[in-house]
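Participant: The structure under discussion is supplied below as structure tokens; questions concerning it will follow.
The values are calculated or read from the model by the stated rules, or taken from the named source; none is laboratory data. Please read all numbers here as calculations on a predicted model, not as lab measurements. When we count neighbours, we look across all protein chains shown, and the Cβ atoms used for this are built from the backbone with ideal geometry, even at glycine.
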Amino acid sequence: MTLEEKIAQLVGYWVDQGGEVVAPLAGEMATSTRYDEATLHGLGHLTRVYGTRPVDPVERAEWLWAEQRRLTSETRLGIPAIVHEECLTGLAAWKAATFPTPLAWGAAFDPALVEEMGLLIGGSMKQLGIHQGLAPVLDVIRDPRWGRVDECIAEDPYVVGTIGTAYVTGLQAAGVHATLKHFVGYSATQAGRNHAPVHAGSREINDVFLPPFEMAVLDGGVRSVMNSYAEIDGAPVGGTPEYLTEILRDRWGFDGVVVSDYFSVAFLQLMHAVAADRGEAAELALTAGIDVELPTGDAFLAPLIERVRAGQTDEALIDRAVLRVLAQKEDLGLLDETFTMAPTEIDLDSPEHRRVARVLAEESLILLTNNGVLPLVGAGDRGPATIAVLGPNADSTEALMGCYSFVNHVLAHHPDVPADLEMPTVLEALAKEFPSAEVVFAAGCEVEGSDSSAIAAAVETARAADVAVVVVGDRAGLFGRGTVGEGNDVESLELPGLQRDLVEAVVATGTPVVMVLMTGRPYAVAWAVEGPLAPAAVLQAFFPGEEGGVAIASVLSGAVAPTGHLPVSLPRSAGAQPFSYLHPILGGPSDVTSVDSTPVLPFGHGLSYTTFERTDLTADAEVAAGGTFTASVRIRNTGERAGTDLVQLYAKDTYASVTRPVAQLLGYHRVTLEPGEEAQVTFRVPTARLAFTGLRHERIVEPGAVELWVGPSCAGKETTAEISLTGAVHRVTLADGRYVETSVLRAPADTPVRETETARA
């Protein structure tokens, strides 16, 4: 291969780039190189051929197949290009299914369903000739002020790891390579600001941010990783070998491809100022371990070629990356592909897509509070005669979806193009759910802004109704277009605009009020949980996707019971951030500070339409550090309706050589029980789940006493036990277990239990 042919394999080309500004600084970085010139020596990646503007999938597939045939027949080496697309909430393409946002995956606590979703998304991508998906996001939430919280799964690394790895497994089972992002530490930015510096010590990096990536690499077999834009303690991740080579490849044995986040190679010069020019930035990135520059070749093309020709950069760095890219193309079957027949028809939003989207949306809805007003339909009851549906998100399809949905990411730039998806709003779904009721709508206010002129009409609408459903929250977008999403960081965690004023004014009418929060981050809503004008019930929906309106209506009516739980603490204030339930003693409230950081509602909280009793937690008396122990607990449905409990096993080191969290989730499992039915849930826990980075910066399991408990959240110790870890300090290796195995024995009341299911989570 000539130098030009090698370099061509290490870059992408954004065919539709220009006026479609759907990535940070995309307009400023737009290349002037024509496509035919850029592909003269071949091409590594085609960037977002379906996901940059609204194109008919079948017509675009025909164009893509022709371009791949041209690359194989008109370039000397005849190597096709990898096609990559965003797929965070489904394939980001026109007419493709939009699933709940990843924060909703975390709320559902259902890895198996997320894997099923990943398989469907991968299947759609495979049919369209797409080879690589830029998902999942495995950043652990640290600060809800950060705009990209809705792209993340949870504030607990084990939940992020289990659910993220499930998505990887599903996507790659369809023959599409997943791309982990953003490796690593991206979500820990200063003050929750996008691209801001990260001040994280090695212990926090090792114990919080790395484990989800480690699980997806070692257990998910992921084939691609994307670097973080972040700098950690002054060193940009994309420009230092510590993370992308020493940890990812040397420690974990990753043998796939590392792609740059969009323009992050150039950012080494432009935003980090650790490179004098684009050529030096390219050398830093290659040395660090980045193999492919996306979305274009701003640094890897002419600037890098010039450095190699001048003898400033060793061509061996390029050879190393090229071999990795060619191995990926071989693994994908691209080197033998003939591209004879493009698909002539494809259903990107099939009934199966919609079924999974609906079930995941249902499972993700979190009932935060309820004074008995929900469900709206009781036994033998037809429900309210008049329902006031209020709020700026009540009749909005955009409010159902996150920042990286095609509608909010791309169609926002094409207001005259319809989404061409069936997406019932909450208003439409409630009207269908209650066909005999009079359903009356008033927006009351906008998501943002200070216009209060419509609040009075909403108040009067509520006053005349039997119940009011007020749907408030976010509008996802990018870089100032919206209230949450990439680049939409905030200083306050109050609901945007006048939405709190609207809710409290409606509550003051005396009409029972259900507040539905449709958001991409948790907000500081103590006033709605424990204030004098608190609604009768609060339902949290994290951007539930195309079937989200139907799911919300079904939960409000009682046709579906709520089963979601908070994957992130419900904050008390912006001033208490960053906060994590995984805090040590000094990270929580104490007598030595006047600031209360206690969340309004804790990680793991979620109500149901029934009640559960958790008793008789037992555990092995002792286990060798480095071994595996069992813990069992009895769960009983003590209410009058069927329901699903999220069984949560927590632990706390009594003491250790470094400070440890006051609570740590060890394992979790969803259990559905009929009224009066009980189950015994048994967890098999590798002690590596209790590992931490010790004083010598080794991952270890220390001997000592560990408190265990099961409860309705991290803060509820409903039943407890204790176990003793014995023997010498255990140094954790890659061979140690990373997952908790669960088994369930269930039976009706007063009958022997029988085994029915096992799982890993």
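Participant: Say we look at region 272-319 and pick out the residues that are under 30 Å from Pro197 (Cβ atoms) and without any contact (Cβ under 8 Å) to a residue 24 or more places away in the chain; which of these is nearest to the chain's Cα centre (by Cα)?
Facilitator: Only one residue fits best here, namely Ala273.
Participant: Of these, Ala399, Ala429, Ala388, which one is within 20 Å of the chain's Cα centre (by Cα), modelled with pLDDT of 95 or more and outside any loop (DSSP other than H, G, I, E, B)?
Facilitator: Result: Ala399 is the single residue among Ala399, Ala429, Ala388 that is within 20 Å of the chain's Cα centre (by Cα), modelled with pLDDT of 95 or more and outside any loop (DSSP other than H, G, I, E, B).
Participant: Can you find a residue that is touching a Leu at 6+ places or on another chain (Cβ under 8 Å), closer than 23 Å to Gly220 by Cβ and modelled with pLDDT of 95 or more anywhere in region 334-344?
Facilitator: no
Participant: Hey, another quick one. I'm trying to understand the selection: among the residues of region 315-343, which are part of a helix (DSSP H, G or I) and small (Gly, Ala, Ser)?
Facilitator: Ala316, Ala321, Ala327
Participant: Name the residues in region 707-730 that are under 19 Å from Tyr655 (Cα atoms) and touching a Lys or Arg at 6+ places or on another chain (Cβ under 7 Å), would you?
Facilitator: Glu707, Trp709
Participant: Does Tyr243 count as closer than 23 Å to Cys152 by Cα, modelled with pLDDT of 95 or more and in a helix (DSSP H, G or I)?
Facilitator: yes
Participant: Since Arg463 meets every condition but one in (1) surrounded by 24 or more Cβ atoms within 10 Å (Cβ to Cβ); (2) closer than 13 Å to Ala388 by Cα; (3) of a type in the set (Lys, Arg), which condition does it not meet?
Facilitator: (1)
Participant: Ok, one more. Search region 120-131 for residues that are over 19 Å from Phe99 (Cα atoms) and pair each with any residue that is part of a helix (DSSP H, G or I) when their beta-carbon atoms are under 6 Å apart and the residues are at least 6 apart or on different chains.
Facilitator: Listed pairs, sorted by first residue: Gly129/Leu64.
Participant: Of all the helices (runs of 4 or more DSSP H) wholly in region 482-595, which have at least 1 residues that are without any contact (Cβ under 8 Å) to a residue 12 or more places away in the chain and either buried (at least 20 other Cβ atoms within 10 Å of the Cβ) or touching a Gly at 6+ places or on another chain (Cβ under 8 Å) (or both)?
Facilitator: Ranges flagged: none.
Participant: Do we have Thr618 as in contact (Cβ under 8 Å) with a residue 40 or more places away in the chain and either assigned by TED's automatic domain parsing to the domain that holds Val538 or part of a loop (DSSP other than H, G, I, E, B) (or both) here?
Facilitator: Numbers: in contact (Cβ under 8 Å) with a residue 40 or more places away in the chain: yes; either assigned by TED's automatic domain parsing to the domain that holds Val538 or part of a loop (DSSP other than H, G, I, E, B) (or both): no.
Taking the combined requirement at face value, the residue does not satisfy it.
Participant: Ok, one more. Considering only residues that are under 24 Å from Ala505 (Cα atoms) and either out of contact with any Phe, Trp or Tyr (no Cβ under 7 Å at 6 or more places or on another chain) or outside the structural domain of Glu486 (by TED's automatic domain parsing) (or both), which ones fall in region 391-427?
Facilitator: Those that are under 24 Å from Ala505 (Cα atoms) and either out of contact with any Phe, Trp or Tyr (no Cβ under 7 Å at 6 or more places or on another chain) or outside the structural domain of Glu486 (by TED's automatic domain parsing) (or both): Gly391, Pro392, Asn393, Ser396, Ala399, Thr425, Val426.
Participant: If Asn393 satisfies all but one of (1) touching a His at 6+ places or on another chain (Cβ under 8 Å); (2) within 22 Å of Ser554 (Cβ to Cβ), what's the number of the condition it fails?
Facilitator: Evaluating Asn393 over (1) touching a His at 6+ places or on another chain (Cβ under 8 Å); (2) within 22 Å of Ser554 (Cβ to Cβ) leaves (1) as the failure.
Participant: Just give me the residues in region 90-119 being outside any loop (DSSP other than H, G, I, E, B), aliphatic (A, V, I, L, M) and buried (at least 24 other Cβ atoms within 10 Å of the Cβ), in sequence order.
Facilitator: Leu103, Ala104, Ala107, Ala108, Val114, Met117
Participant: Of all residues in region 48-85, how many are surrounded by fewer than 24 Cβ atoms within 10 Å (Cβ to Cβ), outside any helix (DSSP H, G or I) and either free of Cβ contacts under 8 Å to residues at least 12 places away in the same chain or not hydrophobic (A, V, I, L, M, F, W, C) (or both)?
Facilitator: 6
Participant: Would you please name the residue that is nearest to Tyr229 (Cα to Cα), looking only at residues in region 266-303 that are among the β-branched types (Val, Ile, Thr) and surrounded by 21 or more Cβ atoms within 10 Å (Cβ to Cβ)? Show your work before the answer.
Facilitator: Restricting attention to region 266-303, the residues satisfying the condition of being among the β-branched types (Val, Ile, Thr) are 274, 287, 290, 292, 296.
In the following step, the residues that additionally are surrounded by 21 or more Cβ atoms within 10 Å (Cβ to Cβ) were identified as 290, 292, 296.
Details: Ile290: 12, Val292: 15, Thr296: 16 Å.
This residue is Ile290.
Participant: Turning to a different aspect of this structure: If I go through region 670-696 residue by residue, how many of them are among the polar types (S, T, N, Q) and in contact with a Gly (Cβ under 8 Å, 6 or more places away or on another chain)?
Facilitator: Matching residues across region 670-696 total 2.
Participant: Among (1) touching a residue at least 60 places away in the same chain (Cβ under 8 Å); (2) touching a Leu at 6+ places or on another chain (Cβ under 7 Å); (3) part of a loop (DSSP other than H, G, I, E, B); (4) over 27 Å from Pro100 (Cα atoms), where does Thr461 come up short?
Facilitator: Going through (1) touching a residue at least 60 places away in the same chain (Cβ under 8 Å); (2) touching a Leu at 6+ places or on another chain (Cβ under 7 Å); (3) part of a loop (DSSP other than H, G, I, E, B); (4) over 27 Å from Pro100 (Cα atoms) one by one, Thr461 breaks only (3).
Participant: Sticking with this one: So if I check each of Asp596, Asp616, which one is among the charged types (D, E, K, R) and in contact with a helix residue (DSSP H, G or I) (Cβ under 8 Å, 6 or more places away or on another chain)?
Facilitator: Asp596
Participant: Can you tell me which residues in region 350-368 are surrounded by fewer than 20 Cβ atoms within 10 Å (Cβ to Cβ) and either assigned by TED's automatic domain parsing to the domain that holds Phe543 or part of a loop (DSSP other than H, G, I, E, B) (or both)?
Facilitator: Answer for region 350-368, where residues must be surrounded by fewer than 20 Cβ atoms within 10 Å (Cβ to Cβ) and either assigned by TED's automatic domain parsing to the domain that holds Phe543 or part of a loop (DSSP other than H, G, I, E, B) (or both): just Ser350.
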